[in-house]
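Structure first, commentary second.
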Amino acid sequence: MNYEFAAIEKKWQKKWLEQKTYAAVTGDPRPKFYGLVEFPYPSGAGLHVGHPRPYTAMDIVCRKKRMQGYNVLFPIGFDAFGLPTENYAIKNHIHPRIVTEQNIKHFTEQLQMLGFSFDWDRVVDTTDPSYYKWTQWIFLQLYKKGLAYKATMPVNWCTSCKCVLANEEVVEGVCERCGAPVVRKEKSQWMLKITEYAQRLIDDLDDLDYIERVKIQQKNWIGRSTGAQLRFQSSAGDAIEVFTTRPDTLFGCTYMVLSPEHAFVKKWEPLIKNYAEVQAYVDAAARKSDFERTELAANKEKTGVRLDGVVAINPANGEEVPIFISDYVLATYGTGAVMGVPGHDQRDWDFATKFGLPIIEVVKGGDVTKEAFILKDDTGIMVNSGFINGMTVKQAIPAMIDWVEQQNIGVKTVNYKLRDWVFSRQRYWGEPIPMVNCPKCGWVPLPESELPLLLPDVENYEPTDNGESPLAKMTGWVNTTCPHCGGPAQRETDTMPQWAGSSWYFLRYMDPHNDEELVGRDAIKYWHQVDWYNGGMEHTTLHLLYSRFWHKVLFDIGVVPTAEPYQKRTSHGMILGLNPHSFVNLSEQEQAELVKKYGSEDSAKRHLVEQFGEMADHPIVKMSKSLGNVVNPDDVVQEFGADTLRVYIMFLGDFEKAAPWQTSAVKGCKRFLDRVWNLAERCSDSMEHTPANEMSIHKTIKKVAEDIDAMKFNTAIAAMMSLVNDYYANGCTKGDLHTLLLLLSPFAPHMVEELWEQLGFAAREGKMACEMAWPVFDENKMVEHEKEIAVQVNGKLRSTVKVPADCDDETVIAAACADEKVQKQMQGMTLVKSIVVKNKLVNLILKPEKQLHLDK
RNA sequence: GCCGGUGUGUUGGAAUUGGUAGACGAGGCGGACUCAAAAUCCGUUGUUAGCGAUAACGUGUGGGUUCGAGUCCCACCACCGGCACCA
C-alpha cells in the first residue's frame, strides 16, 4: 500500500465536491460558526504561496469546528474588479470580463487542489451584475443618508501617462509604471463621509476580539486628538480659526501660518502688499509633486512668505503677530491654519529661526534658544503666561480652555487624521456609480428598480487624455434622462474603487443568490456576523476600516442586526523568500569562489551589495519575480502533495509572524505524513489504546485542540509528530491510529480520509473522518503518578529526582537531599532554606558552615 | 521623529507566562538494511575543557530585582512593519 498522494487527493476532492460535504445550512439547529478569509483578487499569475497560509489556517479552524458539532459557514469568492485586469485588457485588447472569467477558473482549480473546505455553492464574484447590483444599492443608501457627496479634490496625475492614478499606483511620489513625477490635479469626485463615523470606529473596537496590534493601528490611522479651536482676530476683519492640542502655550504664540490653499489668502488680495510674491508661492506649492513635498519634509527646511499688510492679534496678551503662508501647514487637517509656538514645537521653532521671529519660553525647563522644548508628560510648569503662570501643563490646558470659552474666542474640540473616502475612480473595470447629473435637478440617484446599472462594453479601456473614465466616450450610455424631471441628463462616468465590493462581501455569502435583498432577513438573523476573520495586516487600515464603516451604516438603516461585522480578527505573517544574492544563501562553493576572487569574506559581501543593491545584505526578503525566489504552490503540490504543503505551511513558524519559505524543510513534513501512512501496516488490530501511548494520546488531544484555537498550528503539528514518534517507539494499535487520524484530519484531510477508509473505519463508523466528532481527552488518563523533579542547589540545576506526584514538600526535600549529586554539593554546607514548586522543582539554598558562624 | 514588533544552536523555530533553555523539524555525524544507491529504521548532535563521571559558559549588549530571569525593571544596540510637516 503506497501513499499515492496525487490520486488520493483527487479522489477525495471529487467526492467532497459531489457530496457537498462542506455545505453550510442556513437555519440549522446546530450552533453556527462563520469563519472568513479575505477573498483573493484573481490575478493572471495565479495563486501565490502567500495565499495558502491564511486559507489553510482558517480551514483547519473550520474543519475542527465542524467536528465539534458546529454548522460552519466557510465561504470563498473573488474580488475581481481592479487595475491589473484592466491594464492587461488595455495591453492585449481583451475584454476584462473574459480575463476575469479565465482567472477565476484557474484560481478555483488551484483552491480546490489544496483541499479547502469551502462551500462552493456560495461563491461570490464582485464583478457579477447580480452582486454589484447590491454594491450600487448600498451607494444609494449612503447618498440618501447624506454620506455620499461630490467634492473637488486633488487627484494623482501622472505627467507622462497623462492619466489619473490610484494612490496605490503612486510609489514615493512617482508613477509606479513609468517613473514620471506625479502631481496633484483638482477633480470633482464622489466622497464618502467616513469621518462622521470616526468616533464610533474607535469606540466600538473595545468590545471586539481583535488582536491588539490591529486595534492600535486602526486607532493611529483614525488619529484622534483633543484640543481647542481658537479664534484670532486679524486686521483684515476675518477671524482666523486654528486647531491646537496645546492651548496652554497660547501666550507663546508669536506668529500664525495659513496653508497656501487657505481661502483667506485670495480673499485678502487687496490688503496684501506683496501679493505677487504670495501668489508665486501658492502656485509653486500647487505645482509641487508629492515627491518634492516629502523630500522637503525630510529635510525640515521650512519655506514661506509673510502676508505683508495683514496681522493677527494673540487673544491671550493682545499682541500683534505676523501672518505667513507655508506649505508645512496642511490644508486638509484641522482648519488649515496654525498658531506658531516656536518655543515648544520643533517645526515652529525651525520656521521661526529661519524667519527671525521671537521665541518665547512658556513651559519651564528647556533652552528655547537652542531647540523647541517638548516634554513627553504634562508636568512642565507654565511661565510668561499671565494667569496660568505656575500651573502644570496638565492644569493649564483645562484652565485655558475654560478661559477661551468664557471669552467666547474658542471651544474645546476633537480632530481626526482620518479623511473622507475618495470614492471615484476614472477607470473602466469597476462598479458604475448609479448617479445621474441633470442640468435642472443636479445630481439625482438612479431609482433602486433600475439596478444593476450595467457596465457597458467599450472599445478602448484606456483612460482619456483629460483624465475621464473610458465610459465618458460611450455617449449612448452617458446620455440618459433625469429620473426626477425626465429631461436630458448625463450619467456619472467614474466607477467605484476596488474597496467597494469587498466592503460588504461577507454579508452576501450568507445568502448569495437572493435577488430581492442584499441579504435575506432569515439568513442575516441566523448567521448574524462573522465570528472569526483572518487576514493580512496590510488590510488593517483600508479594507477593515471601510467595511466596518459600511456595516455601521447598514446597521443604522436596519439592514443588519450588529454594529460590527467581525467579532474576531486575527492576522497572519507574510511568507518570505531567501535572497539568492545574499552571501549566506550562496552555496559553500560559490562563497569560496567569491572569497578567493575578492580576497576576504567582507569584500565579497561588499561586492554583492554593489552589484545587487543594499538588499543583498538581507538574507530573507519578500518574494519577488525579479529575485526569482517566488515559490509556486502548484509545483509543491506536484512534488509533495497538497497535504504536505498544508502541513508544512502551518509548521514553518509562528502563524502571526513573517516566516521564510525553505524548500529543503518541506520534506520533513512529507516524511511525517509518510510515517503516519506507514503506521497502517505496523499497527495491531486492537481498538484499545496501547497502554504506553495512553497518556501521550490524551495530552496530544488537549494540546492540538488548544493550539488550533490559539492559532499555534506549528506546535500542534509538533505535538502530533511526537505522538507518531511514540507510536514507533511503543508500537501502536488501530485504536491509537483512530485517534491520531481524527486529530490530523483538519491538517491533512486527503490522506486521513484515505487511511480512514482503508483501515475500515469509514465502514465501521459510517462516516468520513471529517464528519466524526472531535476526540475528547480524559484528564484522569493524563495524570502521572511519578514526577521528575528538578533539583537546584543555589539556583543551579544539579540533578533530578523522581517522587510521587503531588507529594508534600518534606518528601521532595528529603528525596533531593538523598540524591548522590546533591550530597556532594552539600559537603561542608548547611541547608538554610528550600523552595519547592509542586511537581516541578526544588531549590536548596546552601551556605558554607563557617560563614554561617560568622553571620551569627 | 511617533506607534507597534523582533533579537534563542549550523538552520526554521519551541519553552506551560518567573521554575530542568533548545520541544518538533531541517542539516551534520554514526549505525542497521542493501551488491550499491535511494528510501526506511535506530542512535547522536549548544560551546569549551576532559578518556570519563563531570565542570564552566550559554537566549543582541550593559546593569538591576529575585532562592531562581529567554521571560520582569532600567539604559543601550541592531533589524522588521506601519504612520509621518497631523499643529
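Values in this text are rule-based calculations from the coordinates and carry no lab data. Because the structure is predicted, anything quoted here is derived from the model rather than measured. Here the Cβ is made from the backbone with ideal geometry for all residues, glycine too, and neighbour counts use every protein chain on show.
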Next on the checklist: Along the Cα→Cβ direction, 7 angstrom out, place labels at A:GLU516 and A:ARG200. What is the inter-label distance in nm?
Outcome noted: 2.7
Next on the checklist: Taking the beta-carbon count within 10 Å as an exposure proxy, list A:GLU753, A:GLU459 from fewest neighbours to most.
Outcome noted: A:GLU459, A:GLU753
Item to check | chain A, helix-only ellipticity at 222 nm - DSSP H runs n ≥ 4, -39,500 (n - 2.57), divided by all residues, nearest 500 | outcome: -11500 deg cm²/dmol
Next on the checklist: Classify the range A:427-503 from the C-alpha gyration tensor, please: rounded if a/c falls under 1.5, else prolate or oblate depending on whether a/b exceeds b/c.
Outcome noted: oblate
Next on the checklist: Between 0 and 90 degrees, rounded to the nearest ten: what's the tilt of helix A:588-598 against the longest Cα principal axis of chain A?
Outcome noted: 50
Checklist entry - By how many nm would the segment from A:THR562 to A:GLU810 grow when fully extended, if each residue of separation counts as 0.36 nm and the alpha-carbon distance is taken off? => result 83.5 nm
Checklist entry - How many nm separate the modelled label positions at A:ASP402 and A:SER624, each set 7 Å beyond the Cα in the direction of the Cβ? => result 5.8
Next on the checklist: Rounded, prolate or oblate for the range A:218-360? Axes are the square roots of the Cα gyration tensor eigenvalues, ordered a ≥ b ≥ c, and the cut-off for rounded is a/c under 1.5.
Outcome noted: rounded
Checklist entry - When A:ASP809, A:ASP617, A:ASP348 are ordered from fewest to most other Cβ atoms inside 10 Å of their Cβ, what list results? => result A:ASP809, A:ASP617, A:ASP348
Item to check | Helix A:734-744 vs. chain A, principal-axis angle (Cα, 0 to 90°, nearest 10) | outcome: 10
Checklist entry - At what distance in nm do the modelled label points of A:ASN479 and A:LYS838 sit from each other, each positioned 7 Å from its Cα along Cα→Cβ? => result 8.8
Next on the checklist: Nearest 10 degrees is fine. How inclined is helix A:713-730 to the longest principal axis of chain A, computing both from alpha carbons?
Outcome noted: 10
Checklist outcome for this item: Taking R0 as 56 Å and r as the Cβ-Cβ distance between A:CYS817 and A:GLU319, the FRET efficiency 1/(1 + (r/R0)^6), rounded to the nearest 0.05, comes to 0.10
Item to check | R0 of 30 Å, Cβ-Cβ distance A:MET782-A:ASN725: FRET efficiency to nearest 0.05 | outcome: 0.95
Checklist outcome for this item: Ranking A:VAL49, A:THR21, A:TRP756 by how far each Cα lies towards the positive end of the charge dipole of chain A (+1 on Lys and Arg Cβ, -1 on Asp and Glu Cβ), the top one is A:VAL49
Next on the checklist: Cut-off is 10 Å between beta-carbons; in what order do A:HIS785, A:HIS618, A:HIS738 appear when sorted fewest neighbours first?
Outcome noted: A:HIS785, A:HIS618, A:HIS738
Checklist entry - In straight Cα distance, which aspartates and glutamates are under 14 Å from A:LYS288, not counting same-chain residues fewer than 8 positions off? => result A:GLU172, A:GLU186, A:GLU261, A:ASP327
Item to check | Calculated FRET efficiency for the pair A:VAL595/A:GLN395, C-beta based, R₀ 56 Å, to 0.05 | outcome: 0.25
